[in-house]
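All remarks here apply to the structure that follows.
Computed from the coordinates by the stated procedures, all read-outs in this text should not be read as laboratory data. Everything quoted here is computed from the prediction, not taken from an experiment. Note that each Cβ is placed from the backbone with ideal geometry, even for glycine, and that neighbours are counted across all protein chains shown.
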Amino acid sequence: MELDRVQLGRKLFFDPMLSRDRTVACASCHDPARGFASADPVAIGIEGRRGRRNAPSLLNRAYAKSLFWDGREATLESQALKPIEDALEMGNTVAEVVKRLRADGAYAASFTRAFGGEPDAANLAKALAAFQRTLVIGGSRIDAFRAGDVAQVSEQERHGFWVWESKGGCWRCHSGANFTDEQFHNTGVSAGREPADPGRSAVTGLGADRGKFKTPSLRGVAWTAPFMHDGSIATLEEVVEFYNRGGRANPNLDAAVKPLGLNAEEVQSLVAFLKALSEGDGPAGTLKLPADKPALAPGKDGKPSP
């Protein structure tokens, strides 16, 4: 039954019928060839409507403690239906989607097989969440190196790991097996810009949380350009340089964000480390994707090569 739910969720994920005008699917903003993220700085919904933030990668979100850049949802099930009813994304209603699913014989049969009943909102969310929990990545050469197989990484990548753990201090926020502390930090990405994005404070109501955003996992990061919650940084090199400068000053800037003093060689080594970390299970330099989607290797700019 679980496999039936995953297969149903996958079909729904790629189906634009979830959107009001049947033009936008979940995969429109969470493209497998982009690490289940998007090439657009912010999400683009129906009728070309521009969203408020960058579409985050769905890789390893099975391990997330909260969802969305501001952490406003706690589970994949509660998150799954929100884009459907967002006016800037799919612009639909869950009730309308359920109505469409019940009128579709193939979907009705799939829901019966997976859940023992006709389509409804709860099972729609469960199906989408079941598929998203299969979007996992691991087993990179960095993992092999950390396990003791030193031959798996180049001298530059090894140097990048040293920068990561020492001078760069990247581990302070990107910690643990999934390279994220699952917490919220203000790094000044959009400081001074209007309209200002309140970030986590829109959820908590706390002034101290203004401008804080969830630390993303760095698994698969080389696939997911552009970067940051607003998609304002185009390449991994620019991301490292942003933090090398100490972020952007503002009253809530995280204490861990300060000038790093990295030289050009250290910047390039750190980028090489991040790209090596982005490799997943499968041939070196590729991301393990659904069987009917091509696997593309990250290019020099951190974007998938054609």
Just how large is the dipole of the chain about the Cα centre, in debye to the nearest 20, putting +1 at every Lys and Arg Cβ and -1 at every Asp and Glu Cβ?
300 debye
Go ahead and collect, in residue order, the members of the range 2-38 whose backbone nitrogen is under 16 Å from a label point 7 Å along the Cα-Cβ direction of Arg100.
9-29
Furthest towards positive pole of dipole, Leu135, Cys29, Thr112, structure part the range 19-156, Cβ charges
Thr112
Counted neighbours (other Cβ, 10 Å), sorted fewest up, put Leu3, Leu8 in the order Leu3, Leu8
Once label points are set 7 Å from the Cα along Cα→Cβ at both Leu3 and Leu88, what is their separation, rounded to one decimal in nm?
4.1 nm
If every alpha-carbon in the range 107-189 counts as one equal scatterer, what log10 I(q)/I(0) does Debye give at q = 0.12, 0.17, 0.19, 0.24 1/Å?
-0.62, -0.81, -0.91, -1.18
Can you tell me which of Gly261, Gly35, Gly138 moves the most in a GNM of the chain? Springs connect C-alpha atoms under 10 Å apart.
Gly261
How are the Cα pair distances of the range 2-132 distributed, in percent, across 10 Å bins from 0?
13, 47, 34, 6, 0
At what distance in nm do the modelled label points of Arg172 and Thr23 sit from each other, each positioned 7 Å from its Cα along Cα→Cβ?
4.5 nm
Among Met90, Met17, Met228, whose mean-square fluctuation peaks in a Gaussian network model of the chain (Cα, cutoff 10 Å)?
Met17
Sequence-distant or interchain residues sharing an amide H contact under 5 Å with Ile233, placed H: which?
Phe227
Normalised radius of gyration for the range 31-106, please: alpha carbon Rg relative to 2.2 N^0.38 Å, two decimal places.
1.20
Spatially proximal aspartates and glutamates relative to Lys258 (Cα-Cα < 17 Å; intrachain offsets below 8 disregarded)
Glu165, Glu238, Glu241, Glu266
Kirkwood Rh over alpha-carbon pairs of the range 141-277 plugged into Stokes-Einstein at 25 °C, 0.890 mPa s gives a D in µm²/s of 157 µm²/s
Relative to the longest principal Cα axis of the chain, at what angle does helix 2-13 sit, 0 to 90 degrees, rounded to 10?
80 degrees
So which aspartates and glutamates can Lys214 reach, going by Cα to Cα under 16 Å and dropping same-chain residues fewer than 8 places off?
Asp70, Glu73, Asp181, Glu182, Asp197, Asp230, Asp254
Step by step: find N for the range 59-98, compute 2.2 N^0.38 Å, then divide the Cα radius of gyration by it. What's the final number?
1.25
Mind telling me which of Arg245, Arg34, Arg141 comes out most flexible in a GNM of the chain, alpha-carbon contacts under 10 Å?
Arg245
Ranking of Trp171, Trp164 by count of other Cβ atoms within 10 Å, fewest first:
Trp171, Trp164
Within the range 74-103: backbone nitrogen closer than 16 Å to the Glu47 label point (7 Å, Cα to C-beta):
85-93
